[in-house]
1. State yes or no: is Arg87 modelled with pLDDT under 95, open to solvent by 20 Å² or more (accessible area, probe 1.4 Å) and out of contact with any Lys or Arg (no Cβ under 9 Å at 6 or more places or on another chain)?
2. Which residues, taken from region 58-74, are in a loop (DSSP other than H, G, I, E, B), open to solvent by less than 50 Å² (accessible area, probe 1.4 Å) and touching a Leu at 6+ places or on another chain (Cβ under 9 Å)?
3. Taking the residues in region 34-52 that are in contact (Cβ under 8 Å) with a residue 12 or more places away in the chain and over 14 Å from the mean Cα position of the chain (by Cα) as candidates, determine which candidate is nearest to Ser4 (Cα to Cα).
4. In region 141-150, how many are among the small types (Gly, Ala, Ser) and not in a strand (DSSP E or B)?
5. If you go through region 31-50 one residue at a time, how many are basic (Lys, Arg) and touching a Cys at 6+ places or on another chain (Cβ under 9 Å)?
6. Residue under question is Thr134, and the condition is that it be in contact with an Asp or Glu (Cβ under 7 Å, 6 or more places away or on another chain), of a type in the set (Ser, Thr, Tyr) and open to solvent by 10 Å² or more (accessible area, probe 1.4 Å); does it hold?
7. From the list Arg67, Arg51, which one is over 18 Å from Glu18 (Cβ atoms), at pLDDT 95 or above and of a type in the set (Lys, Arg)?
8. Could you give every pair whose Cβ atoms fall below 6 Å, whose first residue belongs to region 128-140 and is outside any loop (DSSP other than H, G, I, E, B), and whose second residue is among the aromatic types (Phe, Trp, Tyr), counting only separations of at least 6 or pairs across chains?
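The values are calculated or read from the model by the stated rules, or taken from the named source; none is laboratory data. Just so it is clear, the structure is predicted and the values come from calculations on it, not from any experiment. Cβ sites come from the backbone with ideal geometry, for glycine too, and all protein chains shown count toward neighbours. Ligands, DNA and RNA are excluded from the accessible area calculation, which covers all protein heavy atoms including side chains. Shrake-Rupley method; radii C 1.70, N 1.55, O 1.52, S 1.80 Å.
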Amino acid sequence: MELSNPEVRVLAALIEKETAVPESYPLTLTAMRLACNQSTNRRPVVTYDDRTVESALMSLKSVGLVRFVHPAHGGRTTRYRHTADERWRLSTGEAIVLSALALRGAQTTAEVRARVARLLPVDEAAEVDDMLDTLAARSPEPLATRIERRPSERDDRWVAAIGREPVDSAGVGDGAGVGDGVGVGDGVGVGDGVGVGDGVGVGDDDERRGGRSDAVSRGGVADLVGDPSLDDDLRLKFDRVGETARHPSAGATATTARVDRPIGAGRSSSDGDLTGRVEELVAAVATLTARLDRLERELGI
């Protein structure tokens with residue numbers, strides 16, 4: 001299979017969103033562009049325009065991987081759905097695993113399992129290893145390829161093999177990619193003054209859009225579009241910050257203690273760890289705020 005990079009991104013994003021936001025699927029062109037360009041759970045992060053996305057959709061349609069859903073009577077917007085499961089005879093789980101590889105580049109089996117856990121059907125959640133092997137064994141062309149581990153690594157990695165060349169994020173570790181910066185994971189609260197509304201609909205002007213609120217949202221970035229895939233990377237990175245975020249008073253106490261401590265006073269390792277977590281949370285809030293502002297500009301709200 002030799003899809004271009006935009007075609008791989010568009011197809012993989014359609015597969016992901018079918019499960020992540022079924023109420024918005026099939027997707028409009030605007031929603032499709034935002035799905036391709038989102039900064040979380042993507043490597044590399046891209047900035048496709050409508051023309052690039054539309055061209056990729058046309059190419060995918062020509063090879064039987066996408067269908068156009070034309071508006072019914074009274075409707076205004078054409079929508080798009082993938083047919084990769086039909087074309088390649090994939091189970092739901094296999095399609096989701098393939099999309100994770102295509103969207104994120106080279107990953108170990110454990111990384112793939114962690115990223116698709118919330119999207120897989122319950123009866124397929126424990127079968128990621130088998131799905132990867134099945135994708136690699138496809139004939140006449142494999143849909144995934146195993147990469148032998150490098151000297152500094154413990155496990156082999158997997159890449160999607162549906163593009164002109166397999167996507168390998170070699171040399172880019174977690175946290176080093178664009179969009180893999182500091183974020184807030186599932187359920188991690190954000191400090192007072194950073195408010196986000198109940199949701200921002202993704203799509204054309206006639207679809208629902210939520211406003212910005214002065215209240216504090218404690219649901220994470222995924223609240224913006226109701227899409228669990230937006231939080232996957234953030235959850236993986238900030239598991240260790242979560243406890244501090246759920247108990248902000250403890251973080252405030254630790255910060256105060258650090259400021260008021262006399263110069264030269266000793267500091268226990270536990271205090272240092274807690275202070276470091278608070279500092280990471282502050283950085284997380286700043287990055288989250290920047291992402292929210294950028295998303296609002298894209299949606300024109």
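1. Taking the combined requirement at face value, the residue does not satisfy it.
2. Leu65
3. Here the answer is Thr52.
4. Total satisfying the criteria: 0.
5. So the count comes out to 1.
6. Yes: the conditions hold for Thr134.
7. Of Arg67, Arg51, the one residue that is over 18 Å from Glu18 (Cβ atoms), at pLDDT 95 or above and of a type in the set (Lys, Arg) is Arg51.
8. So the pair list comes out as Leu132/Trp158.
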